[in-house]
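First comes the structure, then the notes that go with it.
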Amino acid sequence: MVFLKLSLTSIDLLAILRELKSILISTRIENVYNLDDWGFIFRIHGPSGNLDLLLELGRRLNITTFKYPLPPSPSPHAMNIRRLISNAIIKSIEQVDLDRIACVTVEKSGRVLNVYLELLGEGNIIITDESGKILYALHQKTMRDRSIRTGVIYRPPPARGESVYNDPKIDKIRSEKVNIVRSLTKYYNLPPEFVEECLARSSIDPNLPSSEISEPLLNTFLTTARSTIEEIKNSPLKPHIVVKDQKKLSVQPVEFFSLPFERVPFDSFNAAVDEYFAPLVSAREGERQRHPKEQEIAALEDVLTRQKASIKELEERKQRGREIGEMIISNLDRVQKLIDHVVDMRKKGVDWEEIKRTAPMKILKIDKSKGLLTTIINGSEVVLDFKCSATENANRYFSSSKEASKKLKGLVSAIEETEKKIQDLREGLLGVSQPIVLKSMKKEWYERFRWTFSSQGFLIIGGKDATQNEILVKKYMEPNDIFAHSDVPGGSVVIVKSKGEDVPNETKEEAVAFAVVYSRAWRAGLGAADGYWVRAEQVTKTPPAGEYLGKGAFMIYGERNYVRNIPLTIFLGVKITEGAFKIIVGSEHFVKNVCQSYVRLVPGDLSGSALVKKIKQLLVQRSDSSLSQLINAIPEGEILAHLPPGGSMPN
């Protein structure tokens, strides 16, 4: 039976970890971010730049290129995890007992730690020392078969089934009064979809009762299961998303014959998993945003139902009060004689039964404690207070009718207000669209640095800090390249990659302008500043005798070519293609030609969220309406990462 896949199976995790081993071993955990209550991002720094390892609690683990909004400040859990594993080097990644648990072994300052990422149940992150003692657990709990608490030795859950590599006990499998899929799933603790696939590959009917399985059939199944596991462990994967009736149904690391539907191939299983699960995250987030409004609507609809019931009751009370009042008035003498009869007879000590028997009008019942009697007037039962006159009884009914009428007017207004609230909430609900999560476009090698292209198409790259300045000069600067820098100390080193060609003056000036923008001149709020350029051979790390050059500092020999009074301005734009985005900065000529929308930035007082909000407003105003939601979905941090240091003013 085919179901929508909502989480990775243990077999899927086997394939994911196979790929992660080739990507993450020897990389460094740079940071950890908590994504609300549903996941964590582990920011990994490797040779080709940063990667985001996403743990969606209880669901999946994979490298993601989607840019999920990061919280403005770290949660206590994120802080605790950072304290233990930030800057740790990943030494190994293993699956625990072919279960939905990954163990990432890291080393930090000579200390070995194990990070267990559990996809079981609600999901968990458990960090232990080398001896297995738990130092941190996202969810601390004591269960029947194990305890996850700080200070306790970590134990994985006990095996819930036999290994497919062990000899089977066929009698136990046959004893289950279910079909073969359910029986084998339970006996081996294998994912149902994997069992169905192995049965399909073995040409065994999945509806076969477990009591009818023979030893040859079981051995065929086991051979297939083992070979499929080995295929996922060692053979080239064929990752794909399974699509049925234009809807994504599943994601698989190899071809599943049991899912004979359309297959959308991917270069890696991580990429397929990332693409498959991202819309599910958006759908759940949209549902979470809708839920409070839907609850409020339901509560108001209950109020409206009660209000409408009260309307009916009040209308009946209004009409009945008026009718009875008029009946009493039209029979005033008779009613008064009845009341006088009751009062007079009681004064004489006549018992109640005798009073009823001798009354001038029929009395149905008398409530002695309340002083009420029920009689018949014009064929209707009417309750009278015999302590009052007939006229007073009529007035009471008229007053009751007027009071009901007054309440009706107020209730009608209240109903109109309730209906308006419900309508407003429903309109607001229509405005709650499914959140959009964009992914970043594939990054080129130079995007770990500040980068842009000149008007003539030359790559310009700059360092973000002293370490990157050092790397640029030592590793990436080649003969014929141009070195540019602000005349203000402490700025970004900027390199023009010449491609072995002569670099035009205009490109040199644009490189100097780029260096000036990403210097202290911007933070100082200057309107213009000076910079210079030199050829690569004029730059050296070798200081004069007796002097020392710190990290990111260099000696310049020979003449510097100054560019004076460079206006401090830069353009920032966004390029969006097929749900993927890229933030691009540089000259107006370059940014305008590659982006759908862009803004001009100069030094100013706006910073942080307020600055990003203003930039997005301008980008939306200057773009096609179809891009509005996509631009607003770009995470704040992605824009801030490209801005010069200090405040800015977009226009």
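The values are calculated or read from the model by the stated rules, or taken from the named source; none is laboratory data. The structure displayed is predicted, hence computed values, not measured ones. Backbone-built Cβ (ideal geometry, glycine too); neighbour counts: all protein chains shown.
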Since Ser399 meets every condition but one in (1) farther than 30 Å from Glu588 by Cα; (2) part of a strand (DSSP E or B), which condition does it not meet?
-> (2)
Out of all the residues in the stretch 324-333, is one or more small (Gly, Ala, Ser), surrounded by 15 or more Cβ atoms within 10 Å (Cβ to Cβ) and within 25 Å of the chain's Cα centre (by Cα)?
-> no
Quick one: count up the residues across the stretch 595-610 that are touching a residue at least 60 places away in the same chain (Cβ under 8 Å) and more than 14 Å from Gly646 (Cβ to Cβ).
-> 1
Residue list for the stretch 143-167, filter: at pLDDT 95 or above and among the polar types (S, T, N, Q) | Ser147, Thr150
Would the stretch 437-449 turn up any residue that is of a type in the set (Ser, Thr, Tyr), modelled with pLDDT of 90 or more and in contact with a strand residue (DSSP E or B) (Cβ under 8 Å, 6 or more places away or on another chain)?
-> yes
May I ask you to say which residue of Glu162, Glu122 is under 24 Å from Glu230 (Cβ atoms) and either assigned to a helix (DSSP H, G or I) or touching a residue at least 24 places away in the same chain (Cβ under 8 Å) (or both)?
-> Glu162
Just one listed residue, out of Lys443, Lys475, is without any contact (Cβ under 8 Å) to a residue 12 or more places away in the chain and either of a type in the set (Lys, Arg) or in contact with a helix residue (DSSP H, G or I) (Cβ under 9 Å, 6 or more places away or on another chain) (or both), and it is Lys475
For Arg396, indicate whether it is crowded, with 17+ Cβ neighbours inside 10 Å, of a type in the set (Lys, Arg) and within 30 Å of Pro635 (Cβ to Cβ).
-> no
Confirm whether Val303 is outside the structural domain of Phe66 (by TED's automatic domain parsing), in a helix (DSSP H, G or I) and of a type outside the set (Lys, Arg).
-> yes
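Quick grid of which residues meet (1) among the small types (Gly, Ala, Ser); (2) surrounded by fewer than 18 Cβ atoms within 10 Å (Cβ to Cβ); (3) more than 23 Å from the chain's Cα centre (by Cα):
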site	(1), (2), (3)
Lys5	no, no, no
Asp12	no, no, no
Glu30	no, yes, no
Gly39	yes, no, no
Asn50	no, yes, no
Tabulated pairs, the stretch 611-634, first crowded, with 20+ Cβ neighbours inside 10 Å, second charged (D, E, K, R), C-beta under 8 angstrom, 6+ apart or interchain = Val612/Glu636; Ile631/Lys616; Ile634/Lys67; Ile634/Lys616
Determine, yes or no, whether Tyr136 is farther than 16 Å from Ile90 by Cα and either of a type in the set (Ser, Thr, Tyr) or crowded, with 20+ Cβ neighbours inside 10 Å (or both).
-> yes
Among strands (runs of 3 or more DSSP E) entirely inside the stretch 451-519, those with 1 or more residues being over 36 Å from the mean Cα position of the chain (by Cα) and within 17 Å of Pro645 (Cβ to Cβ) are 482-486, 494-496
Qualifying positions in the stretch 134-152 - out of contact with any strand residue (DSSP E or B) (no Cβ under 6 Å at 6 or more places or on another chain) and over 18 Å from Pro76 (Cα atoms) | Thr142, Met143, Arg144, Asp145, Arg146, Ser147, Gly151
Selection from the stretch 357-372 of residues out of contact with any helix residue (DSSP H, G or I) (no Cβ under 7 Å at 6 or more places or on another chain) and within 16 Å of Lys387 (Cα to Cα) yields Lys365, Asp367, Ser369, Lys370, Gly371, Leu372
Among the residues of the stretch 520-535, the number that are outside any loop (DSSP other than H, G, I, E, B) and within 40 Å of the chain's Cα centre (by Cα) is 4
If you take just the helices (runs of 4 or more DSSP H) that sit entirely in the stretch 176-248, which of them hold at least 1 residues that are touching a residue at least 40 places away in the same chain (Cβ under 8 Å)?
-> 192-201, 215-234
crowded, with 16+ Cβ neighbours inside 10 Å, touching a Ser or Thr at 6+ places or on another chain (Cβ under 6 Å) and not assigned by TED's automatic domain parsing to the domain that holds Phe581: does that describe Asn114?
-> yes
Report, by residue number, each residue of the stretch 536-546 that is surrounded by fewer than 16 Cβ atoms within 10 Å (Cβ to Cβ) and in a strand (DSSP E or B).
-> Thr540
For the stretch 83-98, enumerate the residues that are assigned to a loop (DSSP other than H, G, I, E, B) and modelled with pLDDT of 95 or more.
-> Ser86, Asn87, Ala88, Val96
For the stretch 53-75, name all the residues that are surrounded by 19 or more Cβ atoms within 10 Å (Cβ to Cβ) and either free of Cβ contacts under 8 Å to residues at least 40 places away in the same chain or closer than 19 Å to Asn87 by Cα (or both).
-> Leu53, Leu54, Leu55, Ile63
Checking Lys133 against (1) without any contact (Cβ under 8 Å) to a residue 24 or more places away in the chain; (2) outside the structural domain of Lys21 (by TED's automatic domain parsing), which test does it fail?
-> (2)
